[in-house]
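Presented below is the structure to which this report refers.
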Amino acid sequence: MLREAVKNKAPLGKKAKEFMNSGKLVPDPVILGLLGKRMEVTKEGFIMDGFPRTLEQAKRLDTLLEKERKDLDVVINLVVGEETILKRLKGRLVCSECGKVYRREDLSLSTRSCESCGAALCQREDDVSDTLKQRVKIYLEHIHSLVDYYKKKGILQDISGEGHPQEIFNRILEILN
Ligand SMILES: [Zn+2]
């Protein structure tokens, strides 16, 4: 949603871009603003990926959910070591047009275009190494209080995020079923 807003040069997207490029978290009012707009048009269930990342965001999300009369069924915590996080971010390529994500190790050396739309693949500006460690550090600082918050609500599920994407996907499906 964030990247889409940046690409469409929406007012909230322009604000978000400055923060993303410097490896900082996008301010909550920007993210909550985007989420609120999307929830109003969502009739069925939804999945949020990578949000909330801080306790403050989780509390603000609860306020928004209350307003929209929606509820969270489950919060999935993918547990991954710091080394794996860094390795994955460094090996990630993104389509410059549609935003589809690829793993460098899955691509042959000659493949540098998107299988969906044919556009060039590139490394995200915020996945280069000088902001990478900063992002991981911020993430790890915030994650503990967030995990506690959802544990107390009784909706947290820890899942190992190590291994192949398909294995992790199957673990998630098992929980959801
Ligand atoms: Zn594409």
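Laboratory data are not the source of any read-out in this text; all were calculated from the coordinates shown. Just so we're clear, the structure is a prediction, and the values are computed from it rather than from any experiment. Positions of Cβ are generated from backbone atoms using ideal geometry, with glycine treated the same way; all protein chains shown enter the neighbour counts.
Modelled spin labels at Leu176 and Thr42, positioned 7 Å past Cα toward Cβ, are 1.2 nm from each other. Only DSSP H runs of four or more residues enter the estimate; each adds -39500 (n - 2.57), and after division by the residues of the chain the mean residue ellipticity at 222 nm equals -16500 deg cm²/dmol. Legend: Rg and Dmax of the stretch 109-177, from Cα coordinates, 17.3, 49 Å. Distance between the C-alpha centres of the stretch 18-97 and the stretch 133-162: 12 Å, rounded to the whole angstrom.
Could you tell me which of rounded, prolate or oblate describes the stretch 1-69, using a ≥ b ≥ c as the square roots of the eigenvalues of the alpha-carbon gyration tensor, with rounded for a/c under 1.5 and, failing that, prolate when a/b is larger than b/c and oblate otherwise? Verdict is oblate for the stretch 1-69. Evaluated with a Cβ-only charge set (Lys, Arg +1; Asp, Glu -1), the chain carries a dipole of roughly 580 debye about its Cα centre, given to the nearest 20.
Size descriptor for the chain, Kirkwood hydrodynamic radius: 17.9 Å (Cα pairs only, one decimal).
In summary, the lysines within cross-link reach of Lys7, defined as a Cα separation below 18 angstrom excluding same-chain residues under 8 places away, comprise Lys15, Lys17, Lys37, Lys100.
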